[in-house]
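What follows is one structure encoded as structure tokens, with my remarks underneath.
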Amino acid sequence: MTGASEVESARAALEMINPAPYNAEAPPEALVGNITPTELHYVRSNFALPTHDGTLEIGGAVDNPTTLTLDDLRALPAHEQAVTLECAGNGRLDMKPLPTGEPWGDYAVSTARWTGALLSDVLALAQPAALGVDVRFEGADHGPYHLQAILPETQQDDLTFVRALPLVEAADPSSAILVAYEMNGEPLTPDHGAPFRIVAPHWYAVASVKWLSRIDVLTEPYTGEFQTGHYIYQWPDRPHEPVTLMRVRARITDPAPGTVLPLGPHTVRGKAWSGTGPITQVDISLTGEGDWHPARLDPPSGPYQWQDWSFVWDSNDIGRHTLRARATDAAGNVQPDVPPWNRLGYGNNAIEVLFVDRH
Ligand SMILES: Nc1nc2c(c(=O)[nH]1)N[C@H]1C(S)=C(S)[C@@H](COP(=O)(O)O)O[C@H]1N2
Ligand SMILES: [Mo]
């Protein structure tokens, strides 16, 4: 087992927002490269680090209930893919009035290279029954739920982290959902779900269950707390909806907020990603009005990860400037100007506004 000091040192480079359960944002430099180094990848956990017995049980509505070890998973064909994970609560601090929940700024997003077995291969070993509807993923983590004081409906003394995905999606190899056991070429760290976890591309990262201990095929839709209580868009003016795919979003990584830039050309850089299709366009506004200029957009280096964009901003105007970057994806989704407010503060993909002084 990994010792407490190893866990501590793995956390040193992050911006901690809650010590227990441990939640931490990535530092700004985590968004510069294509792949986020493991020690800079944000961490979001609902409970204290669990112990895991090293086995994965697969049961429920299956013809062949199975127990797998890490070696069994490694014996299946290995798939490696870079996946951008974003917490559904990323950007919550920009919402007004401030919703309840962890006070995430805008750095609960990172991209790692994940290696594992395809979930579809793992499920095939257990042979899901034809009447299966959902697949339920259980983490080894559990405990009293820490938000119960502010969300009185969540009165849980011992809740376990469980999420589900539709069986058709989980059993489809083209969904590219992994039971991952390596992150950036190394065994998973405790904070990122050792010894194995789900990595579900394009979904908000709540679907990527860490410390995976059980998989069950269900013949009814799953309705647990983290599926129907939390991770629901509670819109003030329309029916509630579950949090599913990441909403289209761009971030500006250069210049940093509050930078003083010399006059002349400066290459503005950033990232953009979406769970509903590749990014097709990023536009930059320099006045706060609708003067949108197309940025240069790099093609994606993989189907499940953020894309780089850049824009040469040549200005000789002294004073404060505002910069905005707006992404559009292949499904035609485009970022809104205003955070899409919902009671629990999920899915804030509003256009970022940055100010920069030029002298
Ligand atoms: N077992 C378990 N899995 C979990 C969680 C959790 O609390 N317990 N948090 C989820 C949420 S909300 C997010 S955003 C991602 C974060 O993954 P990371 O910590 O590796 O960045 O893990 C998901 N998987
Ligand atoms: Mo999350």
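Worth a mention:
- Screening region 17-69 for strands (runs of 3 or more DSSP E) wholly inside it with 3 or more residues that are among the aromatic types (F, W, Y) and surrounded by fewer than 19 Cβ atoms within 10 Å (Cβ to Cβ) returns no ranges.
- Exactly one residue among A126, A205, A171 is under 29 Å from E25 (Cβ atoms), of a type in the set (A, V, I, L, M) and surrounded by 16 or more Cβ atoms within 10 Å (Cβ to Cβ), and that residue is A205.
- Selection over region 89-113 of residues that are more than 13 Å from ligand 2 (Cβ to nearest atom) and hydrophobic (A, V, I, L, M, F, W, C) gives a count of 4.
- Considering each residue of region 289-311 in turn, none proves to be touching a Pro at 6+ places or on another chain (Cβ under 6 Å), part of a strand (DSSP E or B), in contact (Cβ under 8 Å) with a residue 40 or more places away in the chain and not assigned by TED's automatic domain parsing to the domain that holds H79.
- Residues of region 91-102 that turn out to be assigned to a loop (DSSP other than H, G, I, E, B) and either away from ligand 1 (no atom under 16 Å from the Cβ) or in contact with a Phe, Trp or Tyr (Cβ under 7 Å, 6 or more places away or on another chain) (or both), as a count: 5
- Any hit, region 108-125, residues being within 16 Å of ligand 1 (Cβ to nearest atom), in a helix (DSSP H, G or I) and under 26 Å from T253 (Cα atoms): no
- Flag for E186 being under 30 Å from G277 (Cβ atoms), more than 12 Å from ligand 1 (Cβ to nearest atom) and surrounded by fewer than 21 Cβ atoms within 10 Å (Cβ to Cβ): no
- A88 assigned to a strand (DSSP E or B) and either within 11 Å of ligand 1 (Cβ to nearest atom) or not β-branched (V, I, T) (or both): no
- Against the conditions (1) on the phi < 0 side of the Ramachandran plot; (2) among the small types (G, A, S); (3) within 16 Å of ligand 2 (Cβ to nearest atom), G193 satisfies every one except (1).
- Among residues of region 197-226, those that are within 18 Å of the chain's Cα centre (by Cα) and either more than 11 Å from ligand 1 (Cβ to nearest atom) or outside any loop (DSSP other than H, G, I, E, B) (or both), counted: 11
- Among the candidates A82, A4, A13, A78, the residue that is exposed (fewer than 13 other Cβ atoms within 10 Å of the Cβ), farther than 30 Å from T219 by Cβ and away from ligand 1 (no atom under 12 Å from the Cβ) is uniquely A4.
- Region 51-88, residues that are closer than 23 Å to A26 by Cβ and either within 16 Å of ligand 2 (Cβ to nearest atom) or not acidic (D, E) (or both): Q81, A82, V83, T84, L85, E86, C87, A88
- Of all the residues in region 258-288, those that are among the aliphatic types (A, V, I, L, M) and either closer than 16 Å to V334 by Cβ or free of Cβ contacts under 8 Å to residues at least 40 places away in the same chain (or both) number 5.
- Qualifying residue in region 344-351 (condition: of a type in the set (F, W, Y) and in a strand (DSSP E or B)): no
- Against the test of being at pLDDT 95 or above, within 16 Å of ligand 2 (Cβ to nearest atom) and either in the same structural domain as N46 (by TED's automatic domain parsing) or not β-branched (V, I, T) (or both), the options H202, H142, H146 yield a single qualifying residue, H202.
- In summary, G277 fulfils each of the numbered conditions (1) under 17 Å from the mean Cα position of the chain (by Cα); (2) over 27 Å from L123 (Cβ atoms); (3) more than 16 Å from ligand 2 (Cβ to nearest atom) with the single exception of condition (2).
The values are calculated or read from the model by the stated rules, or taken from the named source; none is laboratory data. Computed from a prediction, not measured in an experiment: that's the story for all the values here. All Cβ positions, glycine included, derive from the backbone under ideal geometry; neighbour counts span all protein chains shown.
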